[in-house]
1. From the phi angles alone, apply the Karplus equation (6.51, -1.76, 1.60; θ = phi - 60°) to region 132-146 and give each ³J(HN,Hα) in whole Hz, x where the residue is Gly or Pro.
2. Using a 1.4 Å probe and counting only protein heavy atoms, arrange H58, H205 so the residue with the most accessible area comes first.
3. Normalised by the residues of region 1-91, what does the relative contact order come to in percent, with Cα pairs under 8 Å and at least six apart?
4. Suppose each label sits 7 Å from its Cα in the direction of the beta carbon; what would the E194-T91 distance come out to in nanometres?
5. Calculate the length of the line joining the C-alpha centroid of region 162-204 to that of region 18-88, in whole Å.
6. For region 20-26, take each phi angle, set θ = phi - 60°, evaluate the Karplus expression 6.51 cos²θ - 1.76 cosθ + 1.60, and give the result in whole Hz per residue in order, putting x for glycine and proline.
7. At a Förster distance of 30 Å, what's the computed FRET efficiency of S99 paired with V176, Cβ-Cβ distance as r, to 0.05?
8. So which GluC sites (Glu not before Pro) in region 29-104 end up in coil per DSSP with only 14 or fewer other C-beta atoms within 10 Å?
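The values are calculated or read from the model by the stated rules, or taken from the named source; none is laboratory data. Everything numeric here is computed off the predicted structure, so don't read it as measured data. Don't worry about glycine lacking a Cβ; one is built from the backbone with ideal geometry, like all the others, and counts go over all protein chains shown. In case anyone asks, the SASA skips ligands and DNA or RNA and just uses the protein heavy atoms, side chains included. Shrake-Rupley method; radii C 1.70, N 1.55, O 1.52, S 1.80 Å.
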Amino acid sequence: MRVNADFTQRVAVHFDQTAWVASPAAGVERKMLDRIGEEVARATTFVRFAPGSAFSAHPHDGGEEYLVLDGVFQDETGDFPVGSYVRNPPTSSHTPSASEGATILVKLHQFDPKDRTEVRRSINGGGDIDLFKDAHEDVQVQCWAAGEQIELDSGKGLEVFVLEGSFIETGEEFGVWDWLRLPPGSRSTAIAGEGGARVWIKSGHLSGMI
């Protein structure tokens with residue numbers, strides 16, 4: 001399966017314009033943002049768990065990174081409410097579930113193979129947050145003031161996901177839970193909306209994809 005798999009191209013996905021698709025697990029649905037592979041895949045995906053649903057235990061050979069957007073996501077290590085940011089490095093494994101339901105943004109098989117850093121952070125409370133940085137990637141939460149122009153320097157690739165507010169890029173408006181991917185070597189400008197914007201932004205990680 002290949003979804004938005006040409007990393008030389010700009011890609012925009014608007015949450016409200018994308019349909020949910022059933023996964024192999026009962027009660028679990030997905031919206032695929034990009035994907036290379038079948039059930040074991042390099043992927044960026046929204047995953048929605050109905051109350052009481054779960055995936056079977058599985059390893060993360062290429063790592064797993066997720067943001068909890070709604071509800072409470074769970075595994076053997078605990079409960080992760082809205083605003084939780086988690087990195088499970090390569091060689092880790094878990095059994096994910098959501099007793100009351102949850103929606104997450106998850107990225108799979110995209111870590112440096114040598115990365116063994118676990119991260120458990122809350123992005124609640126506002127403000128800029130440095131979530132993770134190594135030679136492979138830089139992950140942050142940024143707050144943009146109303147009308148602010150932000151230079152998006154995508155030297156090694158860039159992804160922007162809207163947590164709150166909105167912005168315009170290349171004449172296209174991005175609202176809550178919308179996602180933009182810019183290819184390596186590109187440059188662009190984002191203009192924050194009237195209410196500003198709070199975004200999750202990841203850079204430096206796509207140069208090996210082209």
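1. 6, 8, 8, 5, 9, 7, 9, 10, 9, 10, 10, 10, 10, 6, 3
2. Values: H58 55, H205 15 Å².
Output order, biggest surface exposure first: H58, H205.
3. Numbers: 129 pairs, mean separation 19.1, N = 91.
Relative contact order of region 1-91: 21 percent.
4. 5.3 nm
5. 23 Å
6. Values, residue by residue: 6, 10, 5, 9, x, 8, 4 Hz.
7. Values: r = 25 Å, r/R0 = 0.84.
After rounding to 0.05, the efficiency reads 0.75.
8. Working: sites: E29, E38, E39, E64, E65, E76, E100; in loops: E38, E39, E76, E100.
Filter output for region 29-104: E38, E39, E76, E100.
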